Structure formats: C-alpha cells, structure tokens
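Since the structure comes first, as structure tokens, the remarks are kept for the end.
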Amino acid sequence: METVDAGPVGALRIAPSILAADFGALGAALRAVDAETDWVHVDVMDGHFVPNISLGPPVVSALRPYSERFFDCHLMIAEPVRYLGAFRAAGADGCTVHVEVGDTAAAIADARALGLRVGLAANPDTPFDAVAPFLGDIDLLLLMTVFPGFGGQSFMTEVLDKVSLARREIDAARLDVDLEVDGGIDRVSAVDAVRAGANVLVAGSAIFQQHSPLDAARAIRDAAVSARR
C-alpha cells in the first residue's frame, strides 16, 4: 500500500483526533472536518502502557476509504514493534512510538523499514534529554501536553518550555522534523503551542465535541495562523 505524503516539514497542520469522535460514525466524522484537516490523528491504546483501550489496525483499515489525508497513528502501547506491520498494512502513513517504552532504536528502524514516517513521543514528565539522541533518526517529535490515556484533559502549560527547547534543537541542527503537540489543544492553547514552536496541532474534544466540528477546527487553524505571524 502506498503512503500518503505528509507534506512539507514545518508546515502548520491541524490533526483532528478521532478518539473524541462518535465511534458509531467515525467515517462521517472524518468527512465532516475534511476541509480543515491536514492529518488524521489516530490514538491507539492497549490498556497496558496507558489505562485505556481504544482501537487497532481493523479500525484504521475501515477508516482509510473515508479520508485521503495522512494517517498519523500514535501508538500508546507497550509492544509497538509487534504491531507496526499491521498498522502499515491497514493504511497508517506514520506511526509514533513512546520513548518510555524502551527499545527505541529498534522501533525506529523497524518503522523505517516498513516505509512508515517515523515519530517519537514523550510524556509531559519525560525530559527532553530522553528523546534528544534520536532527533536525527525521526520525522516527527510528539510532546504530550497531557498524560496520555483519556481525552478531554486540560493543556499542561509547563510542557511549553520543553516544546521551545525542542524547536531550538531541531532548528539548530537543521533537522527535517515536525514538532507535534497533543492534549488539551483548543483555539487558546494552540496559540501558546505555536509560539513555543509546535507546527502540528492535535485536537480532539475541541473539535469533535463541539456543535460544529468543522467550524471548531477552522477556529483552531485561524488562531494558529495568527500566532505564526
């Protein structure tokens, strides 16, 4: 299966998280926000690495016909290497693994060998030093702005210093690495995240739990664009 192009590194992207959508109508939810969607963010939870269970490769496969956008799969699971191939076959374009799981170099290598765009994630309390050695090997750094496991949490402003540090290091080394934030992103926190250096904004409840998800996504984009000026 061919992968969808992620687009130019560093471009501002809005990535609606389907974790917050109606699970009984995920395809319709994706189509409803397509006009304001750059990537589709797919949160995968296994009940081990995080205290929740969400979805797996069959759902990714079922959703693939509903969107031509880049599928950004965030693997919050204890054994990501076991499932990278299944997600790739299901239609994932990129997979992000957590540095806290360990065996990071092997996971990065396996994802790369499968033709996936490679991401590395860090929890709010994980220091930047844990991901710094891998910056030259990845395409995406995801800094969580909530503790992963459940949607609808409040944005943790204390992570902004880490976002700023990551942006400085990525730019100083001239790396082709997107900087993503996930957790509590709305049209207010999006401004702070973008000013700190993030260029990929994952938003769930602030989009799908609103009266008009499309208008909500547009409001986040407008706020982010203004913050970049």
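Over 15 Å from the mean Cα position of the chain (by Cα) and either free of Cβ contacts under 8 Å to residues at least 60 places away in the same chain or not in a helix (DSSP H, G or I) (or both): is that true of Leu165 in this structure?
yes
Identify, please: which residue in the range 168-189 is assigned to a helix (DSSP H, G or I) and crowded, with 19+ Cβ neighbours inside 10 Å and is, among those, farthest from the chain's Cα centre (by Cα)?
Applying the filter and picking the extreme gives Ile170.
Mind listing whichever residues of the range 97-154 are at positive phi and under 14 Å from the mean Cα position of the chain (by Cα)?
Gly149
Within the bounds of the range 142-160, is there any residue that is touching a Ser or Thr at 6+ places or on another chain (Cβ under 8 Å), aromatic (Phe, Trp, Tyr) and at pLDDT below 95?
Yes, there is a match, as at least one residue in the range 142-160 is touching a Ser or Thr at 6+ places or on another chain (Cβ under 8 Å), aromatic (Phe, Trp, Tyr) and at pLDDT below 95.
Of everything in the range 207-229, what is in contact (Cβ under 8 Å) with a residue 60 or more places away in the chain and either among the small types (Gly, Ala, Ser) or part of a helix (DSSP H, G or I) (or both)? Give them in sequence order.
Once the filter is applied, which keeps residues that are in contact (Cβ under 8 Å) with a residue 60 or more places away in the chain and either among the small types (Gly, Ala, Ser) or part of a helix (DSSP H, G or I) (or both), the range 207-229 yields Ile207, Phe208, Pro213, Leu214, Ala217, Arg218, Ile220, Arg221, Ala224, Val225, Arg228.
Among residues belonging to the range 201-229 that are out of contact with any helix residue (DSSP H, G or I) (no Cβ under 8 Å at 6 or more places or on another chain) and at pLDDT 95 or above, point out the one that is nearest to Ile14 (Cα to Cα).
Out of the qualifying residues, it is Val202.
Is there a residue being among the hydroxyl-bearing types (Ser, Thr, Tyr), in contact with a Leu (Cβ under 9 Å, 6 or more places away or on another chain) and either on the phi > 0 side of the Ramachandran plot or in contact (Cβ under 8 Å) with a residue 40 or more places away in the chain (or both) anywhere in the range 46-63?
No, the range 46-63 contains no residue that is among the hydroxyl-bearing types (Ser, Thr, Tyr), in contact with a Leu (Cβ under 9 Å, 6 or more places away or on another chain) and either on the phi > 0 side of the Ramachandran plot or in contact (Cβ under 8 Å) with a residue 40 or more places away in the chain (or both).
Can you pull out the residues in the range 124-147 that are within 27 Å of Asp5 (Cβ to Cβ), out of contact with any Leu (no Cβ under 6 Å at 6 or more places or on another chain) and part of a loop (DSSP other than H, G, I, E, B)?
Within the range 124-147, Asp139, Thr145 meet the criteria.
Assess whether Ala198 counts as being hydrophobic (A, V, I, L, M, F, W, C), surrounded by 21 or more Cβ atoms within 10 Å (Cβ to Cβ) and either out of contact with any helix residue (DSSP H, G or I) (no Cβ under 6 Å at 6 or more places or on another chain) or not in a loop (DSSP other than H, G, I, E, B) (or both).
Taking the combined requirement at face value, the residue does not satisfy it.
The values are calculated or read from the model by the stated rules, or taken from the named source; none is laboratory data. Here the structure is a predicted model, which is why all the values come from computation and not from measurement. Quick reminder, even Gly has a Cβ in these numbers, built from the backbone with ideal geometry, and neighbours come from all protein chains shown.
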